[in-house]
1. Using a 1.4 angstrom probe and counting only protein chains, how large is the accessible area of Leu224 in Å², to 10?
2. Once R0 is set to 45 Å, what does the formula 1/(1 + (r/R0)^6) return for the Cβ-Cβ distance between Asp135 and Lys96, expressed as a FRET efficiency to the nearest 0.05?
3. What is the set of long-range amide H partners of Ser22 at a cut-off below 5 Å, with H atoms built 1.01 Å from backbone N?
4. What are the residues whose amide H is under 5 Å from the amide H of Val80, where those residues sit 5 or more places off or on another chain and H is modelled from the backbone?
5. Going by amide H atoms built from the backbone, whose H comes under 5 Å of the H on Ser60, apart from near neighbours?
6. Restricting to Cα pairs below 8 Å that are 6+ residues apart, what does the relative contact order work out to for the chain? Please round to a whole percent.
7. Can you show me the helix-derived [θ] at 222 nm for the chain, built from DSSP H runs with n ≥ 4 at -39,500 (n - 2.57) apiece and divided by the number of residues, rounded to the nearest 500.
8. Which of the GluC sites (Glu not before Pro) found in segment 78-166 are loop residues per DSSP with 11 or fewer other Cβ atoms within 10 Å of their Cβ?
Amino acid sequence: MVNSKMASLFSAARSMPMVAPSILSADFGILADECKAVMDQGADLLHLDVMDGHFVPNLSMGPSLCSAVRNHLPSTFLDVHMMVTNPGAFIVPFAKAGANNFTVHVECDEDPIELANAIHEAGMTAGLAIKPETDFGLMEPLVESFDLLLVMSVHPGFSGQAFIPEVLETTKRLDGMIGPNQHIQMDGGVDPETGLLCREAGCDVLVSASAIFKQPDYGRTIELIRGS
Ligand code: DX5
Ligand code: ZN
């Protein structure tokens, strides 16, 4: 059962920055404990990175893992980031697995507007992601159809890479375009230092994997990334 706060996280008005730990850097052997630990220590939601070995040179997780996380954390907002060539085939499976937001890449092989419609029909909010080197002109005409705009600040595929500061120009442009109920997410190399730059550039959803999970104090790092 999805509670209303959880269902509306990416369709409600932008307010304070949200911190979204990416479980890609969690210890998969104790995944449920890792998820509960970051949520107990102040995270706002969980970010699940899905990779197909084609769109990016890596494999990660699928609907069954999402379903397992949902079973252990019944009231946590689950944000799925699809780094795959054909995300359309996975909209319904992830909705059934308890996902709340489903983000597709503008560089995928399918029509983003049709994907946004199908994602909404499946009861999830819709995100559109852009890689660092992609022309913003591809994303610009699609912005109004999505609840969340994800700006990648590393080359997708792996956690632990260095933040690419040039993408802050993209978030500043988005900040000037979006409506009050739309959200800007930064993903890649976000830590307490780069998190500040992201917030100043208009981002309100900060994804972070290694900066949170690869050191012992999850709560303090979440607080510093949020800037509170
Ligand atoms: C990269 C993923 C990111 C990644 C972030 O392809 O989309 O969500 O897990 O990892 P860090 O925060 O370590 O750069
Ligand atoms: Zn991601």
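1. Its accessible surface works out to 70 Å², give or take rounding.
2. Calculated value: 0.80.
3. His47, Ser208, Ala209
4. Leu48, Asn100, Asn101, Phe102, Thr103
5. Amide H to amide H, under 5 Å and 5 or more residues apart or across chains, Ser60 pairs with Met51.
6. Result for the chain is 22 percent.
7. -8500 deg cm²/dmol
8. Glu133
The values are calculated or read from the model by the stated rules, or taken from the named source; none is laboratory data. In this text, all values refer to a predicted model and were calculated from it rather than measured experimentally. Cβ coordinates were reconstructed from backbone atoms using ideal geometry, including for glycine residues, and neighbour counts include every protein chain displayed. These accessible areas exclude ligands, DNA and RNA; they are computed on the full protein's heavy atoms, side chains included. Shrake-Rupley method; radii C 1.70, N 1.55, O 1.52, S 1.80 Å.
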